[in-house]
Amino acid sequence: MADLVFAFDAALDRPIPVPKGVPEPVAEAIARAPFEALQTAVATARQTKAAAVVLFGSTLDPIRSSPAQAAALRKLIVGLAADGIRTIWVADEPADVANIARMLADPEGLSFVTPVSPLRLDMRGLSLEICSARGPAFTKGASGQLPPSFASAHASLLPAQRRIVIGWDDAWTSLHGEPAVSHGLQSPVPAGGWSPHGTFFVWGSRRLEPTPASVHQVPALQARSSREPAAGACAVVTLTNLPHAPAALAATMAHAVSDPRAEWRGDWREVPTHHVAWRTLTITSLSGDDEELATTIWTALEGMSVDAQAPMQIVRCAVDCGGSITRRVHVSEITAETMARVRELYDPRTFRAWCQEIEADRGESPTVLVRNASAAKAGGAASFASGVAELVLEMEKTESLPLAREAGWMALELLEST
């Protein structure tokens, strides 16, 4: 049993770019992936008998959305309500609430949280408050400023036994080149990462960020490209995994309130929701033409054991050429023929892996060039290649330059092909 399912950045109105040349079944699978990822999160809520699904980040923009997208999302929310599961939508601004409610025709079971309107819940005997730390009002310094409590506006209420503060960044600009709403918000974490009165933090992001131990970072439900570090997942948390006796419950809660470092009495886990994943498949090919290389690649693809129920895999094949610059150039020359042969073997009805790119491994180690330098004459090509390799290796030791190795290979390949 779970209490809350956190679903970050469903982004139903932002389709995944479909690679060029893919067959129709692959294109359809990619197009369905964002909504199917949200469906998987909803199914997780039902399977775990959660009390609520919390939607935050970019879920569905009323301006960008289509009527079909709005109708499909409304159907999910109404279906959850019929099963006794609430949907909590964390909105950026109070003005967004009216637009979202209008877009979805105000479905039963939908509640909102905004930066100025936290939500108070009585969840299975636990008093819980969910609030948002979005917007410029909470960006004062690196430590952040906590949103006001719901109880502060209702004098008759005691502070909640548990308080969850939700925030997220706008990573679309850096990862996907799209304009993002500018909030300038850093992770809303107090100095030291802890806050009194059982307050904990949920942080959504499409990129890896260093966060204190008290912050639970949530990836997007579905990645949009290979540049994202996580394929996609929702987060499932249990807060009410406590003794049922009232006295034991009260004693445990009193301890949590008095001790700001008290353990969050529950469990947190991620459940995969992605339906498309990007991966790099590294193979070794030291010789041979396009037919031999295609056979090696297809054998490696079959070895991935991707069945018809698995997420669609968009594969980049990186060919390890054993440090041979000549072989790297040759692989680049036969890429088109190799790709055509690989795709002749592909059946999208039975195999959910699409080879999208074949290239010489840009991350291949250049150390073999250094070892081969002793056999070359002074001033020869091997000596020059060794010098480039030593420069790259030295840069990798002293500086954080992830593209140094790729740049070194490109320079050597250009020299070889001229």
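Here is the figure for region 296-319: residues that are under 24 Å from the mean Cα position of the chain (by Cα) and farther than 18 Å from Glu344 by Cβ total 13.
Which one is nearest to Thr273 (Cα to Cα), of the residues in region 25-40 that are touching a residue at least 60 places away in the same chain (Cβ under 8 Å) and open to solvent by 30 Å² or more (accessible area, probe 1.4 Å)? Please lay out each step first, then the result.
Quick first cut of region 25-40, residues touching a residue at least 60 places away in the same chain (Cβ under 8 Å) only: 25-26, 29-30, 32-34, 36-38, 40.
Narrowing further to those that are open to solvent by 30 Å² or more (accessible area, probe 1.4 Å): 25, 32, 36, 40.
Values: Pro25: 20, Arg32: 13, Glu36: 8, Thr40: 6 Å.
Here the answer is Thr40.
The residues of region 341-363 that are within 14 Å of Ala27 (Cα to Cα) and not aromatic (Phe, Trp, Tyr), listed by number, are Asp347, Pro348, Arg349, Arg352, Ala353, Cys355, Gln356.
Conditions tested, residue by residue: (1) modelled with pLDDT under 95; (2) closer than 29 Å to Arg120 by Cα.
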{"position": "Ala2", "(1), (2)": "yes, yes"}
{"position": "Phe8", "(1), (2)": "no, yes"}
{"position": "Ile16", "(1), (2)": "yes, no"}
{"position": "Val26", "(1), (2)": "yes, no"}
{"position": "Ala33", "(1), (2)": "no, no"}
{"position": "Ala41", "(1), (2)": "no, yes"}
{"position": "Leu73", "(1), (2)": "no, yes"}
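Here Thr59 passes the criteria (1) in contact (Cβ under 8 Å) with a residue 12 or more places away in the chain; (2) open to solvent by 10 Å² or more (accessible area, probe 1.4 Å); (3) in a loop (DSSP other than H, G, I, E, B) except the one numbered (2).
Criterion applied to Ala105, Ala95 was being surrounded by fewer than 16 Cβ atoms within 10 Å (Cβ to Cβ) and closer than 17 Å to Leu12 by Cβ, and the one residue passing it is Ala105.
Evaluate region 3-23: report whether one residue or more is part of a helix (DSSP H, G or I) and open to solvent by 10 Å² or more (accessible area, probe 1.4 Å).
Within region 3-23, none of the residues are part of a helix (DSSP H, G or I) and open to solvent by 10 Å² or more (accessible area, probe 1.4 Å).
The values are calculated or read from the model by the stated rules, or taken from the named source; none is laboratory data. All values derive from a computational prediction rather than experimental measurement. We place every Cβ from the backbone using ideal geometry, glycine too, and count neighbours over all the protein chains shown. The area values use the complete protein model at the heavy-atom level, side chains included, leaving out ligands, DNA and RNA. Shrake-Rupley method; radii C 1.70, N 1.55, O 1.52, S 1.80 Å.
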